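Please read the structure below before turning to the comments.
The values are calculated or read from the model by the stated rules, or taken from the named source; none is laboratory data. For clarity, every value in this text was computed on a predicted model and none was experimentally measured. Glycine gets a Cβ as well: all are built from the backbone with ideal geometry, and neighbour counts include every protein chain shown. With ligands, DNA and RNA removed, areas are computed over all heavy atoms of the protein, side chains included. Shrake-Rupley method; radii C 1.70, N 1.55, O 1.52, S 1.80 Å.
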Amino acid sequence: MRKSSRGDFVFSADRLIRLVVEEGLNQLPYTECTVTTPTGHKYEGVRFEKGNCGVSIMRSGEAMEQGLRDCCRSIRIGKILIQSDEETQRAKVYYAKFPPDIYRRKVLLMYPILSTGNTVIEAVKVLVEHGVQPSVIILLSLFSTPHGAKSIIQEFPEITILTTEVHPVAPTHFGQKYFGTD
């Protein structure tokens with residue numbers, strides 16, 4: 001994908017996003033229900049239980065929001081802006097906005113490229129400060145390094161991480177290529 005056009009890159013990225021979002025939704029609690037089709041037939045289906053939300057880690061996590069909305073139109077989405085200090089590489093929270101009752105919700109945390117894990121660890125700390133238990137957080141990621149995943153699990157062993165690939169080298173250009181700012 002290094003030499004792909006932006007259009008091809010976005011198409012492929014959106015496909016991967018959709019796959020990881022759908023698997024994240026599969027992890028959420030549901031109840032059985034009877035659906036009546038337009039032709040009057042009854043179908044035994046499932047419905048998500050209330051109390052789910054998404055949280056995107058800005059800016060690259062916002063690329064995953066549409067994939068979540070495509071699968072679950074009415075889901076609430078919060079945002080966290082975290083940036084790393086260029087000298088110390090420490091993550092710092094600049095902005096956080098969540099549904100007011102986030103502490104009662106299951107959270108799909110969206111961040112496509114997991115490199116060191118520092119940004120996600122900071123995001124989870126902010127969610128915990130807002131009353132969210134790590135056990136109800138599902139991290140949705142496209143690419144993860146073994147080091148990043150291990151760092152998160154060491155800090156928060158109860159969190160669930162879903163990713164499409166684990167590789168020692170993370171494609172750090174994702175946000176720039178996806179949003180056309182490269």
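Listed residues ALA91, ALA123; which is surrounded by 15 or more Cβ atoms within 10 Å (Cβ to Cβ), of a type in the set (Gly, Ala, Ser) and in contact with a helix residue (DSSP H, G or I) (Cβ under 6 Å, 6 or more places away or on another chain)?
One residue alone meets the criteria, ALA91.
Listed here are the residues, each with its yes/no results for (1) modelled with pLDDT of 95 or more; (2) within 23 Å of CYS72 (Cβ to Cβ); (3) among the hydroxyl-bearing types (Ser, Thr, Tyr).
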| site | (1), (2), (3) |
| --- | --- |
| ASP85 | no, no, no |
| LYS92 | no, no, no |
| VAL107 | yes, yes, no |
| THR116 | no, no, yes |
| GLY131 | yes, yes, no |
| PRO134 | yes, yes, no |
| GLN154 | yes, no, no |
| THR160 | yes, yes, yes |
| PRO168 | no, no, no |
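Looking only at segment 30-50, which residues are acidic (Asp, Glu) and part of a strand (DSSP E or B)?
If the condition is that a residue be acidic (Asp, Glu) and part of a strand (DSSP E or B), then GLU32, GLU44 are the ones that fit.
From the list VAL35, VAL46, exactly one residue is among the aliphatic types (A, V, I, L, M) and in contact with a Lys or Arg (Cβ under 9 Å, 6 or more places away or on another chain). Which is it?
On inspection, the qualifying residue turns out to be VAL35.
Restricting segment 127-151 to residues that are closer than 27 Å to TYR30 by Cα and among the β-branched types (Val, Ile, Thr), which is surrounded by the fewest Cβ atoms within 10 Å (Cβ to Cβ)?
Looking at residues that are closer than 27 Å to TYR30 by Cα and among the β-branched types (Val, Ile, Thr), I get VAL128.
Which residues, counting only those in segment 59-74, are open to solvent by less than 100 Å² (accessible area, probe 1.4 Å) and modelled with pLDDT of 90 or more?
Within segment 59-74, MET64, GLU65, GLY67, LEU68, ARG69, ASP70 qualify.
Under 7 Å between Cβ atoms, which residue pairs at least 6 apart in sequence (or on different chains) link something in segment 157-168 that is touching a residue at least 60 places away in the same chain (Cβ under 8 Å) and on the phi < 0 side of the Ramachandran plot with a partner that is part of a loop (DSSP other than H, G, I, E, B) and among the aromatic types (Phe, Trp, Tyr)?
Sorted first by the residue in segment 157-168, then by its partner, the list stays empty.
For residues that are among the hydroxyl-bearing types (Ser, Thr, Tyr), under 22 Å from ILE113 (Cα atoms) and either in contact (Cβ under 8 Å) with a residue 24 or more places away in the chain or open to solvent by 70 Å² or more (accessible area, probe 1.4 Å) (or both), tally how many sit in segment 1-57.
The number of residues fulfilling the criteria is 1.
So which residues in segment 53-104 are assigned to a strand (DSSP E or B) and over 16 Å from the mean Cα position of the chain (by Cα)?
Scanning segment 53-104 gives GLN83, SER84, ALA91, LYS92, VAL93, TYR94, TYR95.
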